[in-house]
Every structure is written in C-alpha cells, then in structure tokens.
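To keep things clear, I will list the structure first and then write my remarks on it.
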Amino acid sequence: MNEPAHQSRVRLPALTTTGTLSETQVRSLFALADEYHQGRRTRVADGSVLGTMFVQPSTRTRVSFEAAMLRLGGMVTGFAELESTRAADCFGESLDDVLRVLGSVVDVVAIRHPENGSAERAATLLDVPVINAGDGTNEHPTQALSDVRLMAQALGGLDGRVIGLGGQLDNRAYHSIVPLLGMFGVRRVPLLPPPNTGVPRRLATLLDQHGLPFESCSTMEEFVEASDLVELVPMFLPDYNQAFSAELDADDATIPDTHILNRAVLERTGRTIPILHPGPRTAELSTDLDELPNFLFFPQVAHGVSMRMAVLHALLRESRERASSS
Ligand code: CP
C-alpha cells in the first residue's frame with residue numbers, strides 16, 4: 001500500500017476513547033478523512049470483513065460504518081440486535097461469547113453497547129481491532145472525531161475559538177469531544193444545560209482536565225451569542241445504560257421556547273454560526289433551520305462516513321502490519 005508520509009504515522013490498534021489519542025494520531029485521521037471526503041477512492045479493505053454488534057438502536061452510526069467499509073472495498077456482517085443471536089433464546093448465551101464468535105470471523109469489530117466500558121472490555125477480549133460505536137453514557141469516539149473535524153473545517157481552525165455545547169450534557173458524544181477541543185486550543189466552552197439543571201460533574205471535570213474554561217447559559221439566545229459554533233443534543237435523553245430505552249416521559253420531554261434553536265433565535269441574535277447536532281434531533285432543533293447553509297445536521301452524517309473510512313483504514317493497516325511482523 002503506497003501511503004503519503006503523514007498517514008504512515010497513524011498507529012491505531014483500537015478506538016475505544018478519544019482520551020488517549022495523540023495529536024499526531026488525530027491530525028493523521030483528519031487528513032485521511034479529508035482525502036476520503038474529497039473523493040479519494042481506495043480498496044484498502046478489499047478481502048476484509050467488518051463485524052457490527054449493535055445492542056442499542058442506531059439510525060446513523062451503524063449504516064455509516066457499513067457504508068465506510070463497503071466504500072473501502074470491504075464486506076460487512078453482524079448483529080443489528082441481539083434477538084437474532086443465541087443470547088436471546090433459551091440458552092442465554094453470554095455477550096462475551098457472542099462477541100468472541102463475531103471477533104473470530106471478521107477483521108475488525110464496531111460495537112455499540114449500553115454498558116460503560118464495554119468497548120474497552122471487548123478490545124481486551126478480541127484479537128481483532130475494536131471500535132467503540134457508543135458505550136452507554138461513556139464515549140462515542142468516531143462521532144467526536146468527525147464532529148470536531150467538521151467544526152475545524154467550518155471555522156477555518158479551532159485555535160482560540162468558542163465552542164458551545166448544549167442539551168443533556170452528560171452524553172457520550174460530548175465526553176469524547178471535549179479532549180479533542182482541548183487538543184486544538186479551543187478558548188472557551190459555553191454550555192446550555194436543560195432547563196433548571198446544572199453542569200454534570202463528569203463533564204465539568206473533563207473540561208477542567210483539558211484546560212477549557214466553561215460557563216453555563218440559561219437561554220438559547222445567550223448560548224448562541226456567546227459561541228462561534230454550537231453543537232446541540234436533545235435536552236432530554238433516554239437512559240443510554242439500557243439496551244432499548246423506554247419512552248421518554250411526555251412531561252419531561254416538553255422543551256420550553258427558551259431552549260429551542262430556530263430561525264427566530266438566529267435573527268434576534270444576528271448570528272449565522274455553524275450548527276451541529278449528532279442526532280436524533282427533537283424539539284430543541286427546529287426544522288425551520290434545515291435549508292440554512294450553516295445548518296450542518298445532515299452534512300455531519302456524510303462527514304461521519306469519511307471519518308469512519310479513515311478509522312477503518314488506519315486500524316486495518318495497523319492490524320495487517322502487526323500480523324506480518326509476528
Ligand atoms: N449520532 C449517533 O450516534 O446517531 P445514531 O444513534 O443514530 O447512530
């Protein structure tokens with residue numbers, strides 16, 4: 001495989017967290033994702049198989065991994081839900097065994113699971129590279145890599161920028177995003193927590209650890225005015241530590257106008273800042289934004305495929321190099 005010099009520096013045995021990635025690794029993944037997003041075509045996954053094990057629902061991430069692997073010339077198999085495996089019948093096969101079976105027949109595994117730390121544990125169980133596609137409330141590293149790359153692209157760099165994070169703040173995407181914001185010199189992080197709530201301890205600690213000053217805003221207008229770019233998630237998230245989240249309580253899910261981003265807020269504040277949201281959106285993000293050029297909710301999905309192509313490329317290369325040197 002002929003690789004440009006900057007890409008040969010990516011060493012990536014697994015991807016379960018962004019917290020341990022070096023700036024060199026991240027910049028190399030961004031550069032590779034840029035090339036794929038600009039239309040580079042390779043068949044680096046020719047003959048390789050991606051196994052997906054999604055123990056929670058997904059609209060974007062699973063199909064995005066599948067599209068990425070297919071675009072690299074690879075193949076895909078796996079479980080969209082456990083009901084099709086022996087974990088769900090009278091044998092109650094253990095998840096560890098299901099995972100080890102999958103790991104025995106593929107070259108790389110992408111796992112989404114309700115338990116925090118499950119991807120890390122999978123990585124220790126399997127001989128093939130493991131990618132965390134969301135583990136409980138813990139981390140969602142490919143979403144974060146993709147979103148931060150898009151933020152940098154939208155703003156022409158992140159150094160000294162002010163990046164707002166809003167919605168339910170103790171979510172796995174933000175836990176993976178914050179280390180990357182610190183890495184790229186973001187100046188400040190305005191936060192918009194759900195009405196009548198504060199900043200969760202884990203996020204506050206993470207922001208402190210990565211040298212990111214933060215302040216809590218109480219309205220969407222204040223939040224938008226304070227930020228060069230905003231990312232939102234729903235104000236009310238279900239329990240991501242359950243395999244299939246129960247319906248949200250209708251009362252809890254009522255979002256006041258003060259916490260909804262729509263055209264009127266942008267007009268009142270005079271701001272045309274980039275708007276990201278990893279999905280699924282609920283009432284916090286109005287559909288009247290959909291046609292605006294700074295509304296990046298749908299472009300984010302396509303960028304997710306390019307980033308996952310970069311991640312799969314790096315992992316497969318690393319694993320082949322390891323196999324050939326052993
Ligand atoms: N962003 C994200 O994880 O979306 P899905 O749950 O639809 O995969």
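The values are calculated or read from the model by the stated rules, or taken from the named source; none is laboratory data. Keep in mind that this is a model prediction, so the values were computed, not measured. Ideal geometry is used to build each Cβ from the backbone, glycine not excepted, and the neighbour counts take in all protein chains shown. Accessible surface is based on the protein model in full, side chains and every heavy atom, while ligands, DNA and RNA are left aside. Shrake-Rupley method; radii C 1.70, N 1.55, O 1.52, S 1.80 Å.
Any idea which of (1) among the aliphatic types (A, V, I, L, M); (2) within 16 Å of the ligand (Cβ to nearest atom); (3) assigned to a loop (DSSP other than H, G, I, E, B) is the one residue 69 doesn't satisfy? The one condition residue 69 does not meet is (3). The combined condition, being within 16 Å of the ligand (Cβ to nearest atom) and either more than 22 Å from the chain's Cα centre (by Cα) or open to solvent by less than 30 Å² (accessible area, probe 1.4 Å) (or both), is not fulfilled by residue 85. Residue pairs whose Cβ atoms lie under 6 Å apart, sitting 6 or more positions apart in sequence or on different chains, and linking a residue in the stretch 72-93 that is within 20 Å of residue 108 (Cβ to Cβ) to a partner that is assigned to a strand (DSSP E or B) and of a type in the set (Ser, Thr, Tyr), are 78/52. Filtering the stretch 227-240 to residues that are at pLDDT 80 or above and either among the basic types (Lys, Arg) or part of a loop (DSSP other than H, G, I, E, B) (or both) leaves 227, 228, 233, 234, 235, 236. Is there any pair with a first residue in the stretch 172-190 that is on the phi > 0 side of the Ramachandran plot and a second that is open to solvent by less than 10 Å² (accessible area, probe 1.4 Å) whose Cβ atoms are under 7 Å apart and which are 6 or more apart or on different chains, and what are they? So the pair list comes out as 185/158.
If the condition is being outside any helix (DSSP H, G or I) and loosely packed, with under 15 Cβ neighbours inside 10 Å, then the stretch 18-56 contributes 20, 22, 38, 39, 40, 41, 43, 46, 47. Quick check: anything in the stretch 57-64 assigned to a strand (DSSP E or B) and not hydroxyl-bearing (Ser, Thr, Tyr)? The answer is no, given that none of the residues of the stretch 57-64 is assigned to a strand (DSSP E or B) and not hydroxyl-bearing (Ser, Thr, Tyr). Scanning the stretch 34-66 for residues that are more than 16 Å from the ligand (Cβ to nearest atom) and small (Gly, Ala, Ser) yields 39, 45, 47, 48, 51.
Every listed requirement among (1) touching an Asp or Glu at 6+ places or on another chain (Cβ under 8 Å); (2) within 30 Å of residue 40 (Cα to Cα) is met by residue 105 save one, (1). For the stretch 117-132, the candidate set comprises residues that are farther than 13 Å from residue 95 by Cα, more than 18 Å from the chain's Cα centre (by Cα) and without any contact (Cβ under 8 Å) to a residue 40 or more places away in the chain; within that set, the residue that is nearest to the ligand (Cβ to nearest atom) is 124. Applying the set (1) surrounded by fewer than 17 Cβ atoms within 10 Å (Cβ to Cβ); (2) modelled with pLDDT of 95 or more; (3) away from the ligand (no atom under 15 Å from the Cβ) to residue 298 leaves exactly one unmet item: (3). Please pick out the residue among 114, 141 that is open to solvent by 10 Å² or more (accessible area, probe 1.4 Å) and either under 20 Å from residue 182 (Cα atoms) or within 16 Å of the ligand (Cβ to nearest atom) (or both). Answer to the check: 114.
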